[in-house]
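The values are calculated or read from the model by the stated rules, or taken from the named source; none is laboratory data. Every value quoted in this text rests on a predicted model; they were computed, and no experiment measured them. Neighbour counts are summed over all protein chains in view; Cβ atoms, including those assigned to glycine, are modelled from backbone coordinates with ideal geometry.
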Amino acid sequence: MSTTLGVPRPDQASYMLRAAASDAGRAYKQRLLDLLDVRAGHTVLDVGCGPGTDLPALAERAGDTGTVIGVDRDPAMLARARSRTAELRRVEIREGDAHALPVESGTVDRARTDRVLMHVTEPLDVLGELRRATRPGARIGLAEPDWDTLIVDSEDLETSRAFTRFTTEEVVRNATVGRGLARLAGRAGLRVEAVDATTPVFRDFQEADHTLGLGRNLRKAVDGGHIDRARGRDWFAGLAQGPFYASFTLISVVCSR
């Protein structure tokens, strides 16, 4: 497979920041923030905060009397988050695993996790940790993609379907967790208040290649024998020529404790 097939994956922090800054990223994040209803004085928990993308917006709503806690297990992410929030005195950055949050029980008013459960070992255990950390009456916001819904337009429909299947079965650990968010939240003892679905649409090939990993994951699929090499090369070349369309469904759920 040619080395020009797809852009190299950037460092994870840069990747997350760019994805959040896209039109699709801003839209669903704003919607989830509004539903979460963070107010002045709240203690807010962001699990899997990454490079701190959402911490300033949470801190603005929590105000001078509130506290925002960002938790991540990756030292590089934590360093970026600390740098990003250095001027925000009410923001705390803590190293920890989503399965064992470094937060005292019953101390959080609002909690969120965004595109994290698709990567963890046990999503239900993480939801249980969120329940433990929050006070009665707290709100918890969850957002996850359903990668089974990934659509990439191409005349070679079979290869597009094979690419989505490979993404779901081989690339993402919990690829369909988005559709199960409400069910899992109920099993964790949370009350589901709202379920929302958005469809990020990509019309620019380069942006989609960066965000969806078209070239990177196609190379893995070819190397693993999931997609024929020549057919994959032709499929990717056709996508690059355009016009281009791809989309997937992202599900947001807001729960109460």
Exercise. Name the residues in region 108-122 that are polar (S, T, N, Q) and surrounded by 15 or more Cβ atoms within 10 Å (Cβ to Cβ), would you?
Worked result: THR113
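Is it fair to say ILE227 is over 18 Å from the mean Cα position of the chain (by Cα) and β-branched (Val, Ile, Thr)?
Details: over 18 Å from the mean Cα position of the chain (by Cα): yes; β-branched (Val, Ile, Thr): yes.
So ILE227 passes the test.
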Exercise. Scanning for something surrounded by 15 or more Cβ atoms within 10 Å (Cβ to Cβ), under 29 Å from ARG112 (Cα atoms) and touching a Pro at 6+ places or on another chain (Cβ under 8 Å), does region 141-163 turn up at least one residue?
Worked result: no
For this session: Taking the options ALA100, ALA62, name whichever one is in contact with a His (Cβ under 6 Å, 6 or more places away or on another chain), hydrophobic (A, V, I, L, M, F, W, C), touching a residue at least 12 places away in the same chain (Cβ under 8 Å) and farther than 19 Å from ALA185 by Cβ.
Result: ALA62
For this session: Scan region 195-213 for residues that are at pLDDT 95 or above and within 22 Å of THR176 (Cα to Cα) and jot them down.
Result: VAL195
Problem set entry | Residue among SER252, SER247 that is surrounded by 14 or more Cβ atoms within 10 Å (Cβ to Cβ) and within 20 Å of LEU142 (Cβ to Cβ) | SER252
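What do you reckon, is GLU92 farther than 28 Å from ILE251 by Cβ, of a type in the set (Asp, Glu) and surrounded by 13 or more Cβ atoms within 10 Å (Cβ to Cβ)? Break it down into steps so the answer makes sense when it comes.
On the way: farther than 28 Å from ILE251 by Cβ: yes; of a type in the set (Asp, Glu): yes; surrounded by 13 or more Cβ atoms within 10 Å (Cβ to Cβ): yes.
Criteria met by GLU92.
Can we say ALA98 is closer than 23 Å to VAL192 by Cα, buried (at least 17 other Cβ atoms within 10 Å of the Cβ) and within 17 Å of the chain's Cα centre (by Cα)?
Details: closer than 23 Å to VAL192 by Cα: yes; buried (at least 17 other Cβ atoms within 10 Å of the Cβ): yes; within 17 Å of the chain's Cα centre (by Cα): yes.
When the stated conditions are applied, ALA98 passes them.
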Seminar exercise, completed: When restricted to THR149, THR167, the only residue in contact (Cβ under 8 Å) with a residue 12 or more places away in the chain, over 29 Å from GLY66 (Cβ atoms) and not in a helix (DSSP H, G or I) is THR149
